[in-house]
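Engineer: One structure is given below, represented as C-alpha cells, and several questions about it will come after.
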Amino acid sequence: MSGRVLLYGATGYSGSEIAQRLVGHVDLVIAGRNAEALQELSTHLGVPWRSFEVADTAAATAALADADVLLNAAGPYADTAMPLAHACLHARTHYLDIGGEWPVFAALMELDEVAEKAGVMLLPGVGLTIAASDCLLARAVELWPDTKALHLGISRAHAMSRGSAKSAARLFERGVIMREDGQLQAVPLGAAPRSFDFGEGLRDTVAMSWADVVTGEKTTGVASISVYSELPWWQRAAYRASGLYASLAGAGAMRKAGARMADSWPRSPGEETRSEGEYVMVVEALDPWRRSRSLRLKTLDGYGTTVLTASAAAEGVAMGQAEAGFRTPAAIFGSRFIETCGAGVFEPVTGVHAA
C-alpha cells in the first residue's frame, strides 16, 4: 500500500469513479462538503471520510495533516484550486487536481517558488486536460528536438457534464490566448482558423484558450504554442458572433448567459454518449524552416481518460514520484504516461509539409 491520498470532491461525477479505482491501491480518505453523501460513499467503499469547506483554511489544513497527496476533483477549480493549494502548502501535502481552467494553471504557477521552498509539488491538470495533451506535446518534442512552434488540434467534445459546462461558461472572454515567443497574446474569437487531420481527412478548427498555452513551454521548452478545437460550421459562426456580441455587451454578459444554459445541462453524460466520446488530438511541430511534422493521440472519452490518468497520477505521487514546485504531468511521469495508464495511444501521421 502506498501513501495516504485525500480525494476532495469524491462524491462528484468524476470523483466517485476515481475513488472506486483508488480503493486498494492507496491509503484513501474521501472528502468534500456534503457529509451525508460522503458517509454513504464511505460505507460503500470501506474508507474513512472527512467533511470541510475549501474556504476554511484551518479546517482544510487540519484535514490534510496526515495526507501525502491531495487530489482535488471538486470544480469549479477557479473556486477550489487556490484555497486547497494554500492548505497543502501549510500542511506540506502535494497538490493535484483534474481541472482544465487555464487561469488556474497561471495562478498556481505563481506559487512555484513558494512550493519549492515548502517541498510541495503543485501538479494541476492530471485529468484529460492537460495530462493527455501535455504528453502529446512532450512526445512530439522528443521525436523532433528542433521544434520551434507547436500547434495542437483537439477533436470536438461529444460528452460534457453540467459541472464542465459551468466551468467552460466562466472562462468566456472576448479573445483567445496564444503563446508567441514566450509571451501570452490575445486574438479575437474565431481568428486564426486552422485545419487538422483527426484521422478522416482535414477538419476545420478555431483557436481556443487551452491550458497547454500556459503550461506547454514549461514541459517542452518551446516558446510558441497555440491550441485549436474542432467545431462544425454553425458553431464556428456562433463562436465568432459571440465575440462580436461580447465586444458590445461585455464578456460578463456572455458568461452569465452561458451559466444559465449550463444549469439545464445533464448532471452527467449517458453511457452511450461517453462510449462515442473518444478524443483525437493532433500536434503539428514546426521546425526552424516552418516544415510541419505531425503526431496523433487517440484517447478514451474525457471522463474515462480522467479517471485513469488521475488515479495513476495520485498513486504515483503517493509512491514518491514528486518534485517540489509547479510541475506538469509529462514532466513528472514522462510522455508515455498517457499510454502506460491505458488512456490513449499515439499514432504517427505521415508526411512533412510547409506550414
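Every read-out reported here was derived from the displayed coordinates using simple, explicitly stated rules and does not represent laboratory data. Keep in mind that this is a model prediction, so the values were computed, not measured. With ideal geometry, Cβ positions are generated from the backbone for all residues, glycine too; neighbour counts draw on all protein chains shown.
Engineer: Starting from the Cα gyration tensor of the stretch 179-228, take the square roots of the eigenvalues, sort them a ≥ b ≥ c, and report rounded, prolate or oblate (rounded when a/c is under 1.5, otherwise prolate if a/b is larger than b/c, else oblate). Each step should come with its number before you reach the end.
Structural biologist: Values: a/c = 2.70, a/b = 1.50, b/c = 1.80.
Because a/c hits 1.5 or more and a/b fails to exceed b/c, the stretch 179-228 counts as oblate.
Engineer: Let me ask something else about it. Computed FRET efficiency, Cβ-Cβ of LYS218 and VAL23, R0 35 Å: what is it to the nearest 0.05?
Structural biologist: Details: r = 33 Å, r/R0 = 0.94.
Computed FRET efficiency for LYS218 and VAL23 comes out at 0.60.
Engineer: Separate question: Mind checking Rg over Rh on the stretch 18-127, alpha carbons, Kirkwood formula for Rh?
Structural biologist: Details: Rg = 13.6 Å, Rh = 14.2 Å.
So for the stretch 18-127, dividing Rg by the Kirkwood Rh gives 0.95.
Engineer: List the residues of the stretch 57-78 whose backbone N lies under 15 Å from a point placed 7 Å from the Cα of GLU110 along the Cα-to-Cβ direction.
Structural biologist: Those under the cut-off are 78.
Engineer: Then there is this: Is the stretch 1-41 best put as rounded, prolate or oblate by its Cα gyration tensor, with a ≥ b ≥ c the root eigenvalues, rounded for a/c under 1.5, and otherwise prolate when a/b is larger than b/c, oblate when not?
Structural biologist: On the way: a/c = 2.21, a/b = 1.70, b/c = 1.30.
Taking the square roots of the gyration eigenvalues as a ≥ b ≥ c, the stretch 1-41 is prolate.
Engineer: Taking a ≥ b ≥ c as the square roots of the Cα gyration tensor eigenvalues, with a/c under 1.5 meaning rounded and otherwise prolate when a/b beats b/c, else oblate, which class fits the stretch 52-100?
Structural biologist: On the way: a/c = 2.04, a/b = 1.36, b/c = 1.51.
Oblate, because a/c is 1.5 or more while a/b does not exceed b/c.
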